[in-house]
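**Student:** Handing you a structure now.
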Amino acid sequence: MQNSGVTRRTSRARLAKLRHDMRTPVNAIIGYSEMLLVAPGLDTEDREDLGKITQSGARLQTLIDEFLSDARLSEGEHPKVDADGHFRLREQAATVTGYADLLRDKHGESPLIANDLERIRFAGAHLTQLVDKLTEGAVLESVESLAPDESDLLDAALKSMPALSSEPAQARFPGHLLVVDSNKMSRDILVRQLRSLGYYVTATDGGQNALDMLPLGGFDLVLLDVIMPPPSGYAVLESIRADSRYQNLPVAMISALDEMDAAVRCLEAGAEDYLSKSSDPVMLRARIDALLEKKLLRDHEIAYLRDVAILTGAAAAVSGERAVEKRGLGRVAERDDNLGELARVFNRMVAEIAQREKRLKREIKTLKLEVDEERKNRDVMAITESDYFQSLKGKLAALKKRG
């Protein structure tokens, strides 16, 4: 009975991985078509065609979830798509590639538009290939691998694309985001979306690369793909949360799927949020802004507590008649809040104490000189008024008279 449960969990995990990988090109179709909808240089007919591509992408998402649902998977069985599913999936994929080809032929002189349309065509063709394999009952542990000619085509499209500016538009919280995703198209879409929303973005294609980049600092939020080649998103999340240097760095997991089990697992492991790659841009910005605002408030809290500790230490130093660390106290005094005012008052007190100490030292030095002079005078008087000195003085006077 136990082995049966393990087999069932393994089958479900394999199926979830397959859904994730199949939805990845679908998310690319929707993402690129939505970005092209607001691109300059397109007429009304073009936007209608892009709308049809977006609609087909949404239908593909629904069909993938329907035909690769847990309920359709018998125990120990490998996932596959029946004839009806094959026809319906292929029909929508063909709609995508067909309209992408029409638009690409029309806008071949515009590299930016043509390259994004090439990505859409590539994603639709790749999805068709996957559907065909599943219909044949092929065992697919992962669908990330690409045929060499298709991979070369996508690489060429990416390299020929004009460089995007790293300068963001105006944003409410223009934080520095680290995007970690092993899929080129998913990573490209997310980076471009985030930059268009006003964030500074750095991207990398693997979990180990992300862990190597984090010590460089400067990141306000990590957007981490759940399913990646080892180390997986889960493993990277655990590494980040185990490192005290990043205890205040928020991590949001991103996935092609909206799965409750995966979301719960990520949140329990320390992720601040779980985002779908197909999230609406308005919702994406709202959730990222919420995470950045939370980090900003936490950073302010940490800085406040640190500065309180500096003031407390300075007070203890004065009380214990020890030297006060002026540099740290001066930095706190630069604050424009009540704590800064208190630091400035304390700074003046410390300065006044230092001045009083200097005056006291000068007075003590002067007094010491006077005491030494008085002591010397007393010593002289003690000698000159002694009987022996007086006797010598008398003898000296007698000698002078004889002379």
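The values are calculated or read from the model by the stated rules, or taken from the named source; none is laboratory data. Quantities reported herein were computed from a predicted structural model and do not represent experimental measurements. We place every Cβ from the backbone using ideal geometry, glycine too, and count neighbours over all the protein chains shown.
**Student:** Could you please tell me which pairs satisfy a Cβ distance under 7 Å, a separation of 6+ or placement on different chains, a first residue in the stretch 318-342 that is more than 16 Å from E357 (Cα to Cα), and a second residue that is modelled with pLDDT of 65 or more and assigned to a loop (DSSP other than H, G, I, E, B)?
**Tutor:** G340/A333; G340/E334
**Student:** Still on this structure, I have one more. Can you name every residue in the stretch 225-242 that is small (G, A, S) and assigned to a helix (DSSP H, G or I)?
**Tutor:** The initial filter retains those residues of the stretch 225-242 that are small (G, A, S), namely 232-233, 235, 239, 242.
Listed by number, the residues that qualify are G233, A235, S239, A242.
**Student:** Right, next: So is A210 within 26 Å of R14 (Cα to Cα) and either in a helix (DSSP H, G or I) or of a type in the set (A, V, I, L, M, F, W, C) (or both) or not?
**Tutor:** Values: within 26 Å of R14 (Cα to Cα): yes; either in a helix (DSSP H, G or I) or of a type in the set (A, V, I, L, M, F, W, C) (or both): yes.
Against the criterion (within 26 Å of R14 (Cα to Cα) and either in a helix (DSSP H, G or I) or of a type in the set (A, V, I, L, M, F, W, C) (or both)), A210 qualifies.
**Student:** For the stretch 243-298, name all the residues that are among the hydrophobic types (A, V, I, L, M, F, W, C) and not in a helix (DSSP H, G or I). Give the derivation first.
**Tutor:** If we filter the stretch 243-298 for residues that are among the hydrophobic types (A, V, I, L, M, F, W, C), which is where we start, we get 249, 251-254, 256-257, 260, 262-264, 266-267, 269, 271, 275, 282-284, 286, 288, 290-292, 296-297.
If the condition is that a residue be among the hydrophobic types (A, V, I, L, M, F, W, C) and not in a helix (DSSP H, G or I), then L249, V251, A252, M253, I254, A256, L257, A269, A271, L275 are the ones that fit.
**Student:** Quick one: is V222 within 16 Å of G175 (Cβ to Cβ) and either β-branched (V, I, T) or part of a loop (DSSP other than H, G, I, E, B) (or both)? Before you say what the answer is, go through the steps one by one.
**Tutor:** Values: within 16 Å of G175 (Cβ to Cβ): yes; either β-branched (V, I, T) or part of a loop (DSSP other than H, G, I, E, B) (or both): yes.
When the stated conditions are applied, V222 passes them.
**Student:** Still on this structure, I have one more. Which one of these does A83 not meet: (1) surrounded by 18 or more Cβ atoms within 10 Å (Cβ to Cβ); (2) modelled with pLDDT under 80; (3) within 16 Å of L63 (Cα to Cα)?
**Tutor:** The single condition A83 does not satisfy is (1).
**Student:** Does G270 satisfy the condition of being of a type in the set (G, A, S), surrounded by 12 or more Cβ atoms within 10 Å (Cβ to Cβ), modelled with pLDDT under 80 and not assigned by TED's automatic domain parsing to the domain that holds R12? So that I can check it myself, show each step before the final result.
**Tutor:** Working: of a type in the set (G, A, S): yes; surrounded by 12 or more Cβ atoms within 10 Å (Cβ to Cβ): yes; modelled with pLDDT under 80: no; not assigned by TED's automatic domain parsing to the domain that holds R12: yes.
Taking the combined requirement at face value, the residue does not satisfy it.
**Student:** Can you pull out every residue in the stretch 212-243 that is more than 27 Å from R19 (Cβ to Cβ) and without any contact (Cβ under 8 Å) to a residue 40 or more places away in the chain? I'd like the intermediate steps shown before the answer.
**Tutor:** Let us first name the residues in the stretch 212-243 that are more than 27 Å from R19 (Cβ to Cβ), namely 212-220, 242-243.
Within the stretch 212-243, D212, M213, L214, P215, L216, G217, A242, D243 meet the criteria.
**Student:** Considering only the stretch 100-126, state which residues are part of a helix (DSSP H, G or I), farther than 30 Å from L15 by Cα and either among the charged types (D, E, K, R) or under 38 Å from the mean Cα position of the chain (by Cα) (or both).
**Tutor:** Here is the first cut: in the stretch 100-126, the ones part of a helix (DSSP H, G or I) are 100-106, 111-126.
Applying the additional criterion that residues be farther than 30 Å from L15 by Cα yields 101-106, 111-115.
Selection gives D101, L103, R104, D105, K106, P111, L112, I113, A114, N115.
**Student:** Is at least one residue of the stretch 276-296 β-branched (V, I, T), out of contact with any Cys (no Cβ under 7 Å at 6 or more places or on another chain), surrounded by 13 or more Cβ atoms within 10 Å (Cβ to Cβ) and at pLDDT below 75? Break it down into steps so the answer makes sense when it comes.
**Tutor:** So the first thing to find is which residues in the stretch 276-296 are β-branched (V, I, T), and the list is 282, 288.
Those still in the list that are out of contact with any Cys (no Cβ under 7 Å at 6 or more places or on another chain) too: 282, 288.
Then drop every residue that is not surrounded by 13 or more Cβ atoms within 10 Å (Cβ to Cβ), which leaves 288.
Then keep just the ones that are at pLDDT below 75; that gives none.
No, the stretch 276-296 contains no residue that is β-branched (V, I, T), out of contact with any Cys (no Cβ under 7 Å at 6 or more places or on another chain), surrounded by 13 or more Cβ atoms within 10 Å (Cβ to Cβ) and at pLDDT below 75.
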